[in-house]
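Below is one structure, written out as structure tokens, with a few remarks after it.
Read the figures in this text as sums done on the coordinates, not as results from a lab. Please read these numbers as outputs of a predicted model, since none were measured by experiment. So basically every Cβ, Gly included, is an ideal-geometry build from the backbone, and we count neighbours across all protein chains shown.
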Amino acid sequence: MHIGDFEQILLFAVLRLGAEAHGAAVRQEIEQRIGRVISPGAAYTALDRLEERGFVLSWIGETAEARAGRRRKYYRVSPQGARALARSFLMDGLVKEGMDQFAVALRDAQALKRPALIAAIHRDMAFADAQSGRGTSIAAHLTSAAEASSADEPMQVELTAAANAVGGDLTVARKATQKLATLAQPDNKYGTHASVINAIMLLRENKPKEALTQLAGAPLDDPWVRTLTAECYVAAGNLTDARALKNQVLSDPQLDLEDGYNVSARIRAAKIKA
């Protein structure tokens with residue numbers, strides 16, 4: 001779900017224009033924002049790419065006399081597009097803008113009656129709230145997510161554990177992590193994710209040695225394992241290895257940024273002081 005800088009600007013232009021977001025208007029809006037000329041081909045190619053990914057929707061408008069009977073193609077940002085834009089803002093450290101776009105995505109998903117997407121966005125918002133250090137809406141978003149899907153859905157269990165571990169409610173986090181561990185099999189991700197969440201809780205309790213032990217055996221190509229191992233190294237004064245792991249997370253070209261798990265790891269890694 002990751003979007004590049006130009007795609008971010010383009011999506012934001014479509015949002016700003018609202019009902020007037022046709023191709024030429026979008027291009028003009030971008031030119032005013034970045035201060036340089038954008039070719040029609042570049043704008044339409046990017047819009048087509050975003051539409052293929054499900055981030056924008058399009059339709060053909062009414063015939064306009066001023067255009068000699070030609071009909072304009074209009075665009076609007078889909079809930080998935082607003083969600084991608086939110087994650088992109090969060091990776092840039094723009095928390096308010098990110099939460100605002102999650103709210104837009106949630107509103108549109110609710111209007112379309114998409115319960116699975118509604119649940120996913122609420123979980124995104126719960127974790128973003130925890131990761132921002134506010135922690136004021138974690139429980140409310142997780143409750144809404146459970147109502148839209150199920151409290152026993154694996155992703156719901158995982159995000160309940162993770163958001164509360166990051167946010168500091170370790171009692172709730174431990175209970176959910178125990179439940180998550182029951183889902184672990186040799187060939188699935190839940191064992192690694194349970195180890196990651198346990199390590200987060202140990203770091204909150206200022207127990208970096210125990211956190212490092214918890215991560216032993218977990219795959220070091222996992223971005224959260226790298227990030228938390230780097231934090232353990234910082235606590236031990238090993239800034240060289242901590243910096244190396246941090247940079248691996250921040251610059252890994254193979255990291256799938258369409259996965260919120262990886263996005264959240266990169267956000268946390270960027271805060272490591274090494």
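Cα centroid separation, region 150-211 to region 1-52: 39 Å. For the chain, the relative contact order works out to 11 percent when only alpha carbon pairs closer than 8 Å and six or more residues apart are counted. Compared with the dominant Cα axis of the chain, that is its longest principal axis, helix 79-91 is turned about 60°. Given points 7 Å out from each Cα along the Cα-Cβ axis, report the Arg72 to Leu57 separation in nanometres with one decimal. In this crude label model, Arg72 to Leu57 measures out at 1.9 nm. In a simple Cβ point-charge model (Lys, Arg +1; Asp, Glu -1; nothing else charged), region 184-274 has a dipole of about 480 debye relative to its Cα centre.
The HN-Hα couplings worked out from phi for region 134-140 by the Karplus form 6.51 cos²θ - 1.76 cosθ + 1.60 (θ = phi - 60°) are 7, x, 8, 10, 4, 4, 5 Hz, whole numbers, x standing for Gly and Pro. Candidates Pro40, Leu15, Val56 compared by Cα position along the dipole of region 5-77: farthest toward the positive end lies Pro40, with charges placed on Cβ. Of the Cα atoms belonging to region 22-117, the radius of gyration and Dmax stand at 15.4, 46 Å. Springs between Cα atoms under 10 Å define the GNM used for the chain, and in it the highest mean-square fluctuation of Gln32, Gln248, Gln131 occurs at Gln32. For region 86-228, the Kirkwood hydrodynamic radius comes to 15.6 Å, computed from all pairs of different C-alpha atoms.
How large is the charge dipole for region 35-194, taken about the Cα centre, if only the Cβ atoms of Lys, Arg (+1) and Asp, Glu (-1) carry charge, to the nearest 20 debye? Please list the in-between numbers first.
On the way: 21 positive and 17 negative charges, 95 e Å.
Roughly 460 debye for region 35-194.
For region 184-274, the ratio of Cα radius of gyration to the globular rule of thumb 2.2 N^0.38 Å stands at 1.01.
Normalising the average separation of contacting C-alpha pairs (under 8 angstrom, six or more residues apart) by the number of residues puts the relative contact order of region 5-77 at 34 percent. Taking each pair of different alpha-carbon atoms in the chain once, compute 1/r for the pair, average those values, and report the inverse of that mean as the Kirkwood hydrodynamic radius in Å to one decimal. Radius from the Kirkwood sum: 20.1 Å. Using a Gaussian network model of the chain in which every pair of alpha carbons under 10 angstrom is joined by a spring, one finds that among Leu106, Leu17, Leu250 the greatest mean-square fluctuation is at Leu17. Build a GNM of the chain with springs between Cα atoms under 10 Å: which of Leu142, Leu257, Leu112 gets the top mean-square fluctuation? Of Leu142, Leu257, Leu112, the most mobile in the Gaussian network model is Leu112. Put a plus charge on the Cβ of each Lys and Arg, a minus charge on the Cβ of each Asp and Glu, and nothing anywhere else: the dipole of the chain about its Cα centre is then about 440 debye.
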